[in-house]
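The values are calculated or read from the model by the stated rules, or taken from the named source; none is laboratory data. Because the structure is a prediction, the values reported are computed rather than measured. FYI the Cβ positions are ideal-geometry reconstructions off the backbone, even for glycines, and counts take in every protein chain you see.
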Amino acid sequence: MSERATLLLELGTEEIPARMLPGAAADLARIVADVLDRAGIAHGEVEALWTPRRLAVRVRETAAASPVREETLTGPPARAAWDADGKPTRAAEGFARKHGVDASALERVETPRGEYAALRVRRGGEPVGEILARELPGPVARMSFPKTMRWGDGRFRFVRPVHWIVALHGEDVLPLELFGVRAGRETRGHRTLGPGPHGVPAADAWEDLLREAGVVVDPARRRERLVAALAEAASGAGGRIVEDPELLEEVADMVEFPGALAGAFDERFPRELPPEVLRTCLRHHQKAFLVAGDAGPLPAFAVAVNVPEDPEGHVRRGHEWVVSGRLEDALFFWREDRKRKLADRFEELAGVVFHRELGTFAEKARRVARLADLVGGGLGLPAGERDALDRAARLCRCDLVTGLVGEFPELQGVAGGLLARADGEEEEVATAIYHLYEPAGAEGDLPPTRVARLLGLADRLDTLAGGFAVGLVPSGSRDPFALRRAGLALVRLAEAEPDLDLAPVLREAVAGYAGGELGPDLRDRAEETVPRLAAFVLDRFGSIAERRGARYDEIAAVAALFGPDSLRIHDMFRRLAALAEIRGSEDFLALAAAAKRVRNILAQAREKGETIDPALAGTAPGTPGPERELLAAVEELERAAGGGDAGPGYAERLRAIARLRPVVDRFFDEILVFDPDETARRARLGLLARFAARAHEVADLAEIVVEGDREDASPR
Amino acid sequence: MNPKMTLQEMIAALSAFWSERGCVVHQPYDMEVGAGTMHPETFFRSLGDDPWRVAYCQPSRRPADGRYGENPMRVYKHFQYQVVLKPSPADVQDLYLASLEAMGIDPRVHDIRFEEDNWESPTLGASGVGWQVTMDGMEISQFTYFQVMGGVDLRVIPVELTYGLERICMFINDIRNIFDIPWARADWHEGGIVPYGALRLRAEREQSAWCFRLADVDEHRRQFEVAEREARRLLEAEGGPYLVPAYERALEASHLFNVLDARGAFSVTERQELIGRIRRLSVACAKAWLAAGEGRDEEAGS
């Protein structure tokens, strides 16, 4: 019973969509691990394994049963359980019957309340199979998928019909039933390489047995082998595949056997089609990789196949046929699209709706051009770049009405850039259009030129302002207008412009809608939209900062300084970096605690209606030493800060503030702020206000959370 | 030319194969439809709990797909071989693969895969879960477990297999133009076969011209209204519902819609609206069928 062995559960199904596989296998593994853990069954590593036709969980070193423990169940008092002759009474018999034993099994036990009849029982020791049989069906049936289905008599619902279940503990079959299928030891192999059914002698033999049957069940190994197979196929075609990690992930989950082959297409295609279009076409329609040599794309592709070889060449010829047809279509669109200049398509944008309430893409292009010009002007962009920015803003959505983007929506931006270049637009303009959709979010490269970045920035500003104005504000998992992604991109694009303040441009972006032909509703909403939008941008800033390892209190300390009146993203990241740099010092943390204390004192003073006037600092007659010292120190900080950006950097300023610690400590140790004398009190409050202004200069230090720090620290 | 398999041999092989597996081998529906699913023997028999098995070849008209006979793959009318098995049997994938073998396709030298592709028919108020079956990267079949039909959530689940006959025939015979595929072996005909083009090319040219250029938009709109009104009348008529003729009017409306669509007669909103009107007819027919306790013994179509 106590023997440990590998536990295996395999759900054999019809082909599960690749996009759902990893999540489903992970869910199943979690369910099995939960059941084991709740039952106290010891086990080792839990692995989620899968192919399109199976979800599996393998748990190493799993105990055969739940742990055994002895329990004593107390019954009636001894004197009521046995009569004078020592024979069990009816009370004793009733108690024994309830627990399914004979009264002779009852024992006498001493308890603090006296002697009682009792039964010693062994609890636990339940075989792992019985536990799983009872506990698994519920949660497995409730597993969530983007889409589920019924089949056959319609009794069950799952992602695809379930046909076999292997459930083994070591060599033993577990008595499970799921989806009306009894578990056994029979699995199936690859449909043609080794269909089976195959009897699995033991859980540990399963993976090797399936490999013999043409199935690689470990997804990591399958991907690894597929990479090698694709590389070999591509090298056979004289090149290597153009990497595409997402596509690799997907195709590795569409095969049970990781095979690959290369095919060829006509040399016209790489000669006439831009590599981006070639690659997108292959990927989009055929999930194929483009093969390239040192000098660029070759007339060849590589594709994952579910077979080890192609003895008669059917598989290669089939793919070549489809690929050629698709490339022919792409070439047709590319040629057709080039018959008209991108600029000549602008009119048509008036027929493409951006959003029902927000008008067409033609209107959007005009707003974006205006915003871009405002931003560019404000940043002193040279005239040539300003013109390029304006031109790009007007042209950047024209590719929406091209055949190429109609066929391959994922080429928007890229297609526009390529067509602009082919039209003879300035390189600066073409590049900006090409990179319009970058960065994709919190990660991904920024556009390579300043004009492109400013174009992206103006575009995102406009999208966000419009989205917020009509109430498409993201909440929970709902974000129909992808505003979070737009916000992340906006923050990253703004970070690249040290002199940019987003606050006034946010206001302009909202005004861009309110001033247009859009309804009065939108105008009414404009005022309240700006602060909400600023808060949203601050949130995106926080989410990027967090990804980069910033602590939430540091983010809050910086964000506290910004809002609808000032949103200098680049500056915010610099402040954050300074905080992170200085954070380790003990003086700094102590000072942060003091800053919080000062904040509370000032809040309390305000509540009491006290006068807080920085000019009154040091004006009381007979100012004591510690107070004078603090004033002198604050004055020195104020002189240093006077230098603005040319003065000391943020980290240096924070260090200077941190150096005040002994002075501040002494002040609080020896000085009573709320002195009964009004003049003294006002002077001290004025001093603290000036100190607070310094402590608030780089970041709101009162937001920094110090270990053992309490929010309600009361002023003395 | 000595083809491996002609189009008519494929149809005969599939009919024999599914006949042996208990299917009623039916004939194509004698009306214009866009897909085999619209055949009443699929639409109505998918409803309710009674078992059903049927197989037939259905010419399917898709006006917008017409290419004047100039495209090697796309045509106004193509032939679908359609099989419905209800309830879906556990070994349906194996049966499907065996049916390919019956057409001379050896799965051991091909890469046959089931790739996610969920089906939906907004005019039938129907949807299902399943795959497109690809052979060596080429889509050759649709494989669908119906979940909803005529707006009704199904309890007993039918599975529908739809073979793209022309594509498979092109594949088997390594032919790259649909009009070259062998329809029949014929020593009396040039080349020893009657090619698809000999039967279909002229019709493709003319149907494309009709659907894209010549069809009278106003007249089609009028006929759409008539079909819709008749369907309603037949469903509500005393002594009714007369749901088979009513459903046929819905099929008519659907085809008229497709022609108008190919003519580019709609705005996006109007298009959605008309689709909704056809769907409401389909749904009403399905509800009437179930309300009448149909689905057993009686003949649905003719």
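Can you name every residue in the range A:1-27 that is part of a loop (DSSP other than H, G, I, E, B) and away from chain B (no Cβ under 14 Å)?
Those that are part of a loop (DSSP other than H, G, I, E, B) and away from chain B (no Cβ under 14 Å): A:M1, A:S2, A:E3.
Quick test for you: out of A:R97, A:R134, A:R155, A:R90, pick the one residue that is out of contact with any Pro (no Cβ under 9 Å at 6 or more places or on another chain) and within 14 Å of chain B (Cβ to nearest Cβ). Before you say what the answer is, go through the steps one by one.
On the way: A:R97 fails: within 14 Å of chain B (Cβ to nearest Cβ); A:R134 fails: within 14 Å of chain B (Cβ to nearest Cβ); A:R90 fails: within 14 Å of chain B (Cβ to nearest Cβ).
Criteria check complete, one pass: A:R155.
Anything in the range A:218-241 that is among the β-branched types (V, I, T) and either surrounded by fewer than 20 Cβ atoms within 10 Å (Cβ to Cβ) or not assigned by TED's automatic domain parsing to the domain that holds A:P308 (or both)? List them, or say none.
Step one: of the range A:218-241, the residues among the β-branched types (V, I, T) are A:227, A:241.
Residue satisfying the conditions is A:V227 alone.
Could you run through the range A:279-303 and say how many residues are under 14 Å from A:V322 (Cα atoms) and touching a helix residue (DSSP H, G or I) at 6+ places or on another chain (Cβ under 6 Å)?
Residues that pass the stated criteria total 9.
Read through the list (1) away from chain A (no Cβ under 11 Å); (2) under 22 Å from B:G34 (Cα atoms); (3) out of contact with any His (no Cβ under 7 Å at 6 or more places or on another chain), then give the number of the only condition that B:M170 fails.
Just one mismatch for B:M170, condition (1).
Can you find a residue in the range A:285-304 that is under 29 Å from A:A422 (Cα atoms) and assigned to a helix (DSSP H, G or I)?
For the range A:285-304, residues under 29 Å from A:A422 (Cα atoms) and assigned to a helix (DSSP H, G or I): present.
Hey, A:L522 hits all of (1) over 17 Å from A:R397 (Cβ atoms); (2) at pLDDT 95 or above; (3) part of a helix (DSSP H, G or I) but one; which does it fall short on?
Result: A:L522 passes all but (2).
Of everything in the range A:323-365 that's assigned to a loop (DSSP other than H, G, I, E, B) and not charged (D, E, K, R), which residue is surrounded by the most Cβ atoms within 10 Å (Cβ to Cβ)?
Of the range A:323-365, the ones assigned to a loop (DSSP other than H, G, I, E, B) are A:338-341, A:352, A:356-358.
With not charged (D, E, K, R) added as a condition, the list becomes A:352, A:358.
Numbers: A:V352: 14, A:L358: 23.
Among them, the one singled out is A:L358.
Pull up the range A:305-322, narrow it to residues that are in contact (Cβ under 8 Å) with a residue 24 or more places away in the chain and assigned to a loop (DSSP other than H, G, I, E, B), then point me to the one that is nearest to the chain's Cα centre (by Cα).
Here the residue is A:N306.
Scanning for something within 14 Å of another protein chain (Cβ to nearest Cβ), of a type outside the set (K, R) and within 30 Å of A:L168 (Cβ to Cβ), does the range A:31-52 turn up at least one residue? Spell out how you get there, then give the answer.
If we filter the range A:31-52 for residues that are within 14 Å of another protein chain (Cβ to nearest Cβ), which is where we start, we get A:51-52.
Pick out the ones that are also of a type outside the set (K, R) and you get A:51-52.
In the following step, the residues that additionally are within 30 Å of A:L168 (Cβ to Cβ) were identified as A:51-52.
So far as the range A:31-52 goes, yes, one or more of its residues are within 14 Å of another protein chain (Cβ to nearest Cβ), of a type outside the set (K, R) and within 30 Å of A:L168 (Cβ to Cβ).
Every residue in the range B:89-113 that is of a type in the set (A, V, I, L, M), at the interface with chain A (Cβ under 7 Å from one of its Cβ atoms) and more than 21 Å from A:G313 (Cα to Cα), please. So that I can check it myself, show each step before the final result.
Applying the first criterion (of a type in the set (A, V, I, L, M)) to the range B:89-113 yields B:90, B:92, B:95, B:97-98, B:100, B:102-103, B:105, B:109, B:112.
Then drop every residue that is not at the interface with chain A (Cβ under 7 Å from one of its Cβ atoms), which leaves B:90, B:109.
Within the range B:89-113, B:A90 is the sole residue that qualifies.
For residues in the range B:131-150 being surrounded by fewer than 24 Cβ atoms within 10 Å (Cβ to Cβ) and out of contact with any Gly (no Cβ under 8 Å at 6 or more places or on another chain), which is nearest to the other protein chains (Cβ to nearest Cβ)?
This residue is B:W131.
With the condition kept exactly as written, say whether any residue in the range A:311-332 is at pLDDT 95 or above and more than 9 Å from chain B (Cβ to nearest Cβ).
No, because not a single residue in the range A:311-332 is at pLDDT 95 or above and more than 9 Å from chain B (Cβ to nearest Cβ).
Tell me, please, whether a residue that is farther than 30 Å from A:T192 by Cβ and more than 10 Å from chain A (Cβ to nearest Cβ) can be found in the range B:152-167. Break it down into steps so the answer makes sense when it comes.
Step one: of the range B:152-167, the residues farther than 30 Å from A:T192 by Cβ are B:152-156.
Keeping just the survivors that are more than 10 Å from chain A (Cβ to nearest Cβ) gives B:152.
Yes, that holds for at least one residue.
So, A:H163, is that one within 14 Å of another protein chain (Cβ to nearest Cβ) and assigned to a loop (DSSP other than H, G, I, E, B) or not?
The answer is no for A:H163.
When residues of the range A:281-302 are filtered for being under 18 Å from A:P258 (Cβ atoms) and either under 30 Å from the mean Cα position of the chain (by Cα) or not hydrophobic (A, V, I, L, M, F, W, C) (or both), how many remain?
So the count comes out to 4.
Results for (1) under 30 Å from B:D50 (Cβ atoms); (2) in contact with a helix residue (DSSP H, G or I) (Cβ under 8 Å, 6 or more places away or on another chain); (3) surrounded by 22 or more Cβ atoms within 10 Å (Cβ to Cβ); (4) β-branched (V, I, T), shown as yes or no for each residue.
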| position | (1), (2), (3), (4) |
| --- | --- |
| A:E135 | no, yes, no, no |
| A:M143 | no, yes, no, no |
| A:D153 | yes, no, no, no |
| A:R160 | yes, no, yes, no |
| A:L168 | no, yes, yes, no |
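Looking at the structure I just gave you, is B:E116 touching a residue at least 12 places away in the same chain (Cβ under 8 Å) and more than 7 Å from chain A (Cβ to nearest Cβ)? Give the derivation first.
On the way: touching a residue at least 12 places away in the same chain (Cβ under 8 Å): yes; more than 7 Å from chain A (Cβ to nearest Cβ): no.
For B:E116, the condition - touching a residue at least 12 places away in the same chain (Cβ under 8 Å) and more than 7 Å from chain A (Cβ to nearest Cβ) - is not met.
For the range A:379-443, give me every one of the helices (runs of 4 or more DSSP H) that falls completely inside it and has 1 or more residues that are in the same structural domain as A:G487 (by TED's automatic domain parsing) and more than 30 Å from A:E328 (Cβ to Cβ).
Working: elements: A:383-395, A:403-407, A:414-423, A:427-434.
The helices (runs of 4 or more DSSP H) meeting that bar are A:383-395, A:427-434.
Please enumerate the residues belonging to the range A:244-262 that are in contact (Cβ under 8 Å) with a residue 12 or more places away in the chain and closer than 23 Å to A:D294 by Cα.
We begin by selecting, within the range A:244-262, every residue in contact (Cβ under 8 Å) with a residue 12 or more places away in the chain; these are A:244, A:247-262.
Residues satisfying the conditions are A:D244, A:L247, A:L248, A:A260, A:L261, A:A262.
Any idea which residue in the range A:28-85 is nearest to A:E110 (Cα to Cα), counting only those that are part of a helix (DSSP H, G or I) and not assigned by TED's automatic domain parsing to the domain that holds A:L174? Step through it out loud before you land on a result.
Going through the range A:28-85, the residues part of a helix (DSSP H, G or I) turn out to be A:28-38, A:78-81.
Applying the additional criterion that residues be not assigned by TED's automatic domain parsing to the domain that holds A:L174 yields A:78-81.
Numbers: A:A78: 9, A:R79: 12, A:A80: 15, A:A81: 14 Å.
The extreme case among them is A:A78.
Can you tell me which residue is nearest to A:V375 (Cα to Cα) among those in the range A:393-427 that are of a type in the set (K, R) and surrounded by fewer than 24 Cβ atoms within 10 Å (Cβ to Cβ)? Quick ask: steps written out before the conclusion?
Of the range A:393-427, the ones of a type in the set (K, R) are A:394, A:397, A:421.
This time we only want the ones that are surrounded by fewer than 24 Cβ atoms within 10 Å (Cβ to Cβ), so: A:394, A:421.
Values: A:R394: 15, A:R421: 25 Å.
It comes out as A:R394.
Within the range A:179-197, track down each residue that is over 17 Å from A:R58 (Cβ atoms) and touching a Leu at 6+ places or on another chain (Cβ under 7 Å).
A:G189
Looking at the structure I just gave you, is A:R108 charged (D, E, K, R), assigned to a strand (DSSP E or B) and touching a residue at least 40 places away in the same chain (Cβ under 8 Å)? Write out each step before concluding.
On the way: charged (D, E, K, R): yes; assigned to a strand (DSSP E or B): yes; touching a residue at least 40 places away in the same chain (Cβ under 8 Å): no.
No; evaluated as a whole, the condition is false for this residue.
Against the conditions (1) crowded, with 21+ Cβ neighbours inside 10 Å; (2) under 29 Å from the mean Cα position of the chain (by Cα); (3) more than 13 Å from A:R54 (Cα to Cα), where does A:L7 fall short? Just the number, please.
All conditions pass for A:L7, except number (2).
Only one of (1) under 44 Å from the mean Cα position of the chain (by Cα); (2) not in a helix (DSSP H, G or I) fails for A:K596. Which number is that?
(2) is the only condition that A:K596 fails.
Only residues that are crowded, with 16+ Cβ neighbours inside 10 Å and either among the basic types (K, R) or modelled with pLDDT under 95 (or both): list them for the range A:177-190, please.
A:R185, A:R188
For the structure I just gave you, tell me whether A:V429 is free of Cβ contacts under 8 Å to residues at least 60 places away in the same chain and among the β-branched types (V, I, T).
Working: free of Cβ contacts under 8 Å to residues at least 60 places away in the same chain: yes; among the β-branched types (V, I, T): yes.
Criteria met by A:V429.
Between B:V24, B:V33, B:V83, which is farther than 21 Å from B:M138 by Cβ, in the same structural domain as B:G191 (by TED's automatic domain parsing) and touching a Phe, Trp or Tyr at 6+ places or on another chain (Cβ under 9 Å)? Steps first, please.
Working: B:V33 fails: touching a Phe, Trp or Tyr at 6+ places or on another chain (Cβ under 9 Å); B:V83 fails: farther than 21 Å from B:M138 by Cβ.
B:V24 is the lone residue from the list that is farther than 21 Å from B:M138 by Cβ, in the same structural domain as B:G191 (by TED's automatic domain parsing) and touching a Phe, Trp or Tyr at 6+ places or on another chain (Cβ under 9 Å).
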